[in-house]
Every structure is written in structure tokens, then in C-alpha cells.
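S.K.: Please see the structure below; I have some questions.
What follows is calculated from the coordinates using simple rules that are stated; it is not laboratory data. What you are looking at is a predicted structure, and each value in this text was computed from that prediction instead of being measured. Ideal geometry is used to build each Cβ from the backbone, glycine not excepted, and the neighbour counts take in all protein chains shown.
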Amino acid sequence: MNSRCALVSKIIPFSCVDGPGSRLALFLQGCNLNCKNCHNPWTIGRCDHCAACVPTCPHGALTLSEGRVSWDSAACRQCDTCLTICPQQSTPMALTLSVSEVLAQIQKAAMFIEGITVSGGEATTQLPFLVALFSALKSSTSMGHLTCLVDSNGMLSETGWHKLMPMCDGAMIDLKAWSGGLQRFLTGRDNTQVFTSLRLLAAHKKLTELRLLVIPDHCDYQQHIDALAAFIRTLGDVPVRLNAFHAHGVYGEAKQWRSATREDIAPLAQALEARGVEKVILPALYL
Ligand code: SF4
Ligand code: SF4
């Protein structure tokens, strides 16, 4: 029985967009960035039980009792009304689950998946849980074959990565902008730590994928293409995934931003390839 707990936003038993192959995707609640372009903005904050969402639920799935909001999963119809109303960018549907409870869910999917990916929010903000979960999986006789990946914004400290790397097969990291100024505009923090994380993970052969997000008019990769390509080449033969921003699902000013099209992505892919970046992966879909 492993009782280390995490606040879990969602579990998707079978996903083919959260890393290589079919994977169980575990989304942890809470993030240390505040990205304008976040597609899961209700995973950023933590519920403070203000109860603003309770009367808005059209299906009576939320109740307030002794200062705490409870969610009735049986009554919930997943309409997401509560997510759009929350002033904390949170959800009343997040659950506190122990490592043992999550392992039980992974066990049900284990025969059909190649591994698990822990995402968020920002997975590494709940590092002790992550370490305990990956360690338990690696030592499991029935699930030890599953690969353990983390989908991260790269803000974890070097000390944190050193705790995680021994039981983690790899990390997929977003470099949301080349310049610290644009990264700060997009996320609220600069990207010095992201570069440190990328170098560290690459040096330990734990960088599964580097991700670049193309947001038309809010993107500086082309402006710094020589430096960007040179940096990527120092990481080795890491795959570079180009993601296309789409406005669907985001909150605030980013709702007005233009979604990226093939015509926005192709020049960046060509510019990287022309500078010796070999493994460029194009978006699977555009919205
Ligand atoms: S989910 Fe948001 S709106 Fe609902 S109680 Fe928690 S903080 Fe308040
Ligand atoms: S998603 Fe939220 S608002 Fe919709 S039924 Fe479930 S608890 Fe209620």
C-alpha cells in the first residue's frame, strides 16, 4: 500500500497524443506557469472551495458542506460549466488519489498500453508523488514493462530532475519562446530554467522530445532561427515537435489570437531542417 497522494485532474486510460504509442495519461492539478495559450486552463489553479461553481451546475453534481465543495461523479454529465466559472482556474472535479489507487487504474489498462505519461497542469509540481508512482511501476512485476514519461514545462530545478531521472524514462519539454521576454509575456516567467532542464535531460539521454509552439504573431523562433537551430543541435538527435496553436478552449486574450495553419508551420520546419535539425515532427492536425 503506497499512500503518497496527488491532486489529479483527469485520467485518460488510452491516449495516442501524449507520447509515443498508446499510453495512459495522468493529468495532475496545478501549474507553476500561467500560460495565456493554455488549452487546459482549469488545471492551473487549486480549488479554494469558494463555492462559486456550486449553483451553476445544471445537474446538481456539486454540493457545499462544512466549507468544502464535493463532486458527485455519478450525477456529473461532464458539461464543463463549472470549469468556465471558476475564478481560480481550477475544477471541483479534481480528486486526491494515492499511488496505490492510481496503480490500480494503470493495472486495468496495462495490457493495452506501452506506458504512462504524467502531464498537467505541471506534473513536476507534485514531484514526491511522481517519484513514488514511477518507482512503484518500475518495481512492479506485472507493470514493470511500462515506460514512464513526463510532459513538462521544464521549470523543475536540477535537484528535482536528479530525483526523478532514475525512475523516469524521459521527458517531453516545451520551449514556448526563444527569448526570455516573450516567454515571460506568454507564461508569466522567463525560460532560463527551461534551457537548463533541456541541457540536463539531453546530457542524461532523458529528453524524449522538444516541443515548439507556433502562435502566429506571438512566436520568435524564426527571428532567432540560427541560434535556435544551433542550440537544438547541441541536444543531440532529439525529436523536435512543432505544435500549432489553436484558440479553441483557451481563456482571455489568447481567444482572439489567430490559430496556426500549415503555412505558419512549414517555413519553420524548413528553416530548422536547412540548419541541420533532422527530426522535425509536424502537427498531426490543425483546427
Ligand atoms: S472549483 Fe473553483 S469555483 Fe468551484 S469551489 Fe473550487 S475554486 Fe470555487
Ligand atoms: S462538469 Fe461541472 S457543471 Fe457540469 S455536470 Fe459536472 S460538476 Fe456539474
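S.K.: Based only on other Cβ atoms within 10 Å, what is the fewest-to-most ordering of F134, F195?
M.R.: Numbers: F134 24, F195 15.
Lowest to highest Cβ neighbour count: F195, F134.
S.K.: So, one more: Among DSSP bridges having both ends in the chain, what percentage is antiparallel? Round to the nearest 5. The partial results should precede the final answer.
M.R.: Numbers: 13 of 38 bridges.
If we restrict to bridges inside the chain, about 35 percent are antiparallel.
S.K.: So if I take the centroid of the Cα atoms in segment 192-226 and the same for segment 31-85, what is the distance between those two points in Å?
M.R.: 32
S.K.: Based only on other Cβ atoms within 10 Å, what is the fewest-to-most ordering of I225, I281?
M.R.: I281, I225
S.K.: Looking at segment 167-231, which trypsin sites (Lys or Arg not before Pro) are DSSP coil and have at most 12 other C-beta atoms within 10 Å of their C-beta?
M.R.: Working: sites: K176, R184, R189, R199, K205, K206, R211; in loops: K176, R189, K205, K206.
Qualifying residues, ordered by number: K205.
S.K.: Then there is this: In whole Å and largest first, what semi-axes does the C-alpha gyration tensor of segment 3-96 yield when each eigenvalue is scaled by 5 and square-rooted?
M.R.: So the three semi-axes of segment 3-96 are 24, 16, 14 Å.
S.K.: Using the reciprocal of the averaged 1/r over all distinct C-alpha pairs, how large is the Kirkwood radius of segment 133-287 in Å?
M.R.: 16.6
S.K.: How many nm separate the modelled label positions at L95 and A247, each set 7 Å beyond the Cα in the direction of the Cβ?
M.R.: Distance between label points: 3.6 nm.
S.K.: Sort by residue number and report every cysteine in the chain with no other cysteine beta carbon within a distance under 4.7 Å.
M.R.: C5, C16, C31, C47, C50, C57, C76, C79, C86, C148, C168, C219
S.K.: Calculated from DSSP H runs of 4 or more alone, at -39500 (n - 2.57) each and per residue, what is the 222 nm mean residue ellipticity of the chain, nearest 500?
M.R.: Roughly -8000 deg cm²/dmol at 222 nm, from the helical runs in the chain.
S.K.: Then there's this: Percentage of Cα-Cα pair distances in segment 48-93 greater than 12 Å, rounded to whole percent?
M.R.: It works out to 53 percent of all Cα pairs.
S.K.: If Rh is defined by the Kirkwood formula over all Cα pairs and Rg also comes from Cα, what ratio Rg/Rh do you get for segment 203-284?
M.R.: Values: Rg = 13.5 Å, Rh = 13.5 Å.
Checking Rg against Rh, the ratio lands at 1.00.
S.K.: Something else about it: From the alpha carbon gyration tensor of segment 1-40, can you work out the equivalent ellipsoid semi-axes (sqrt of 5 times each eigenvalue) and give them in Å, largest to smallest?
M.R.: Ellipsoid half-lengths, sorted descending, are 20, 19, 7 Å.
S.K.: For K206, which lysines qualify as cross-link partners when the Cα separation must be under 20 Å and same-chain residues fewer than eight apart are set aside?
M.R.: Cross-link targets: K138, K163, K176, K279.
S.K.: At R0 = 45 Å, how high is the FRET efficiency between C50 and A230 if r is their beta carbon distance? Nearest 0.05 is fine.
M.R.: Computed FRET efficiency for C50 and A230: 0.40.
S.K.: Give me P(r) over segment 157-240, computed from all C-alpha to C-alpha distances, binned every 5 Å, as integer percentages.
M.R.: Percent of pairs per bin, in order: 3, 14, 25, 25, 18, 10, 4, 1.
S.K.: Of the GluC sites (Glu not before Pro) in segment 192-287, which ones lie in a loop per DSSP and count no more than 16 other C-beta atoms within 10 Å?
M.R.: Here the GluC sites (Glu not before Pro) that fit, given the DSSP loop and packing criteria, are E278.
S.K.: Please report the orientation-averaged projected area of the chain, defined via the convex hull of its C-alpha atoms, in nm².
M.R.: For the chain, averaging the hull's shadow over all directions gives 15.4 nm².
S.K.: Using the basic label-point model (7 angstrom from Cα toward the beta carbon), what is the S70 to M1 distance in nanometres?
M.R.: Going by the 7 Å Cα→Cβ label model, 2.2 nm.
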